[in-house]
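The values are calculated or read from the model by the stated rules, or taken from the named source; none is laboratory data. The structure displayed is predicted, hence computed values, not measured ones. So basically every Cβ, Gly included, is an ideal-geometry build from the backbone, and we count neighbours across all protein chains shown. SASA here: full protein model, heavy atoms, side chains in, ligands and nucleic acids out. Shrake-Rupley method; radii C 1.70, N 1.55, O 1.52, S 1.80 Å.
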Amino acid sequence: MAERAQYEELMRQFSAFGAVRRELGRILPSECPSGSAAVLTLLCRHGDMRMSRLAELLAVDMSVTSRHVAHVAARGWIERSPDPADKRSRILRLTPSGLAQVDELSRRTAQLLADRLGDWSDDEVGQLIRLMTRLRTSFDDSRSAPPRPTPAETPHAPHTPHPALDRTTRTPA
């Protein structure tokens, strides 16, 4: 396991990574801000979906997702059609214009990365991809795992609950 100083340095690097994200954001077309780009990219990657699924993938509130969807729909990049299984829901689908926009976003991003990482070897770029994928997977795994108990929750002696607490009904979080 890494030492605390390494984790602290890793946190400093995460903070500094904001500059990379900002530069990637600056190459987006003015009519396609980062939220819209994320919607288009996710629809391209995962296919047609309900707005609730998109909100889950974006990891944002449904109201934020609705604003992003309205923005891309107004530009003709997606269409919203009734869900045959539930007429109250809508299925989001990329249009040919939306697919062209995704292609343009991909071209711009790939060009910027090629410019900035031109002195990196293919092996170094591959290693970065593998490590970033592993990092993201570690965080995805931690969201589905039960929370780890804090030291205060893990006493050395077995815990005997208060009798009144045994009678209460608890709803899992």
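Evaluated on segment 1-143, the Kirkwood hydrodynamic radius is 17.4 Å, with distances taken between all distinct Cα atoms. Taking Lys and Arg as +1 and Asp and Glu as -1, the other residues whose beta-carbon sits under 15 Å from that of Ala110 total -2. One Cα centroid belongs to segment 99-125, the other to segment 1-56; the line between them spans 15 Å. Got a number for carbon plus sulfur as a percent of segment 1-86's accessible area, 1.4 Å probe? Percent of accessible area from carbon and sulfur atoms in segment 1-86: 55.
Accessible surface calculations at 1.4 Å, restricted to protein heavy atoms, place segment 70-145 at 73 Å² per residue.
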